[in-house]
Every structure is written in structure tokens, then in C-alpha cells.
Amino acid sequence: MSYQTYITEAIVCGSKNSMTSDKSYLLFTKDAGMLWARARSVRMEKSKQRYALQDFSIIRVSLVKGKGGWRIGSVEAVSNPFMEALSRRARGGVHAVMKLLRRFIHGEESHKSLYTDTVLVLSCMSVAQSEDISDLQNLFTLRLLHMLGYIAPHVDYADILETEDPWSVPVPLPVRAHTAIEKALQVSHL
């Protein structure tokens, strides 16, 4: 019996050890949403996959859907924004983006525009100045909550939500946007 293989880009949002040398990874994929996938013998010293599958890595991965869930085939590392971050504050910003993804994205549902936003904000955050990190985090939070339906567009921040690439020059959000974020975080119960 043959299984279908899917090749996609993904962000490693977390991992947990299983068995002696296996590991399970929480992947936010471009095509399949958030899913857990298992890699066999990845914790062994001779494993070639162990370096590509570090937490916070952006990877190109082949996934196989079997009876017991998703399994990881081959992996190619693209980048690791956490390791490439220029400052401790930037690494904290990368971690905060991952926590937000883990909090709000559940299930195997494709979020291609959110995936693109996440990759862009992570790459910008790793090279950003310390004073821009919180602006990038707030901007990503606003766009994430809007894409998931928790925040409606408003005249004060509609241009931020409609822009293709707001990451290159982060600006402080208006007060109404901060209020909308706080309200959305409260009503989400997540």
C-alpha cells in the first residue's frame, strides 16, 4: 500500500521527545495548517535531520499521512530566525510570535496568507532594531487576529490590514488598534 507524500514549507513551532530516539514536531505548514508530525531516530547523533528540525526553523519538508498520523520524510533547512537574531530582544520577539501561533492556530486548515505574514515578520524581526521589535509583534498580532476573524477592519488601521508588506518599516499602532487587540484576546478565550 502506498501513501501520498506532500512537500510543503513549514515552521517548527515546538517539539517533544518520544520513545528512545524519536521526536514529534508541531509544524505550521503553508498548505496543511498546524499539525503534529513524527520523525524517527532524529535524536540520534548520526541523524542528518536533527539540525534542520530545530525549534523556530523554517523548513521545506516532505510529509506522509499514514494511519497513525503524519510522518516526516526528508527535510531541508531554509533558515532559523531565532539563531539569526541579532539581539536577545529579537529572540524574545521570535519566541512571542511562536507562542501566538500555538495559541490561535489549531487543526489542519490552510492559512497561506498567515503563513506568508509569519515568515516575513520572523525574517524582519531577526534583523530589526530593539525598538522596532514590539511594533512588529503588535502589527503581527493585529493582522493574525484579523485573518482569524477576531478583529474587524476599522478606518484607523484598515490600511495596515490591507497592505501586502507592512513589515519593512514598522510603525506604532494607533490606540484603537491596541484596544481592538486587547478586546479580541479577551473574547477569544484561548
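None of the figures in this text is laboratory data; all of them are computed from the coordinates on show. Owing to the predicted nature of the structure, the values given are computational and were not obtained by experimental measurement. Virtual Cβ from ideal backbone geometry, glycine too; neighbours counted across all protein chains shown.
Over the chain, DSSP H runs of length four or greater, each weighted -39,500 (n - 2.57), average out per residue to a 222 nm ellipticity of -11500 deg cm²/dmol. Taking every Cα-Cα distance in segment 23-93 and sorting them into 10 Å bins starting at zero, the pair-distance distribution P(r) comes out as 19, 48, 27, 6, 0 percent. For the chain, the longest principal axis of the Cα atoms and the long axis of helix 88-104 meet at an angle of about 80 degrees. Over its Cα atoms, what ratio of radius of gyration to 2.2 N^0.38 Å does segment 81-188 give? With N residues counted in segment 81-188, Rg over 2.2 N^0.38 Å equals 1.01. The amide H of VAL78, built 1.01 Å from its N in the peptide plane, has ILE58, ILE59, ARG60 as neighbours under 5 Å, considering only residues 5 or more places off or on other chains. Which of these, ARG143, ARG60, ARG88, has the largest mean-square fluctuation under a Gaussian network model of the chain (Cα springs below 10 Å)? Greatest mean-square fluctuation among the candidates belongs to ARG88. Mean-square fluctuations from a GNM of the chain, with a 10 angstrom spring cutoff on Cα atoms, peak among MET125, MET19, MET147 at MET19.
Which residue, GLY93, GLY33, GLY66, has the most motion in a Gaussian network model of the chain that connects Cα atoms within less than 10 Å? Evaluated over the chain, the most mobile residue of the options is GLY66. Taking other C-beta atoms within 10 Å as the exposure proxy, TYR25, TYR157 rank TYR157, TYR25 from fewest upward. The C-alpha atoms of the chain define a longest principal axis, and helix 175-188 lies at about 40 degrees to it.
Beyond 25 Å, what share of the Cα-Cα pairs of the chain remains, rounded to the nearest whole percent? So the portion of pairs separated by more than 25 Å is 38 percent. Straight-line reach from LYS16: taking Cα to Cα under 16 Å and skipping same-chain neighbours fewer than 8 places apart, the lysines in range are LYS99. Enter the angle in degrees (range 0 to 90, nearest 10) between the Cα long axis of helix 133-147 and the first principal axis of the Cα atoms of the chain, meaning the one along which they spread out most. Computed tilt is about 80 degrees.
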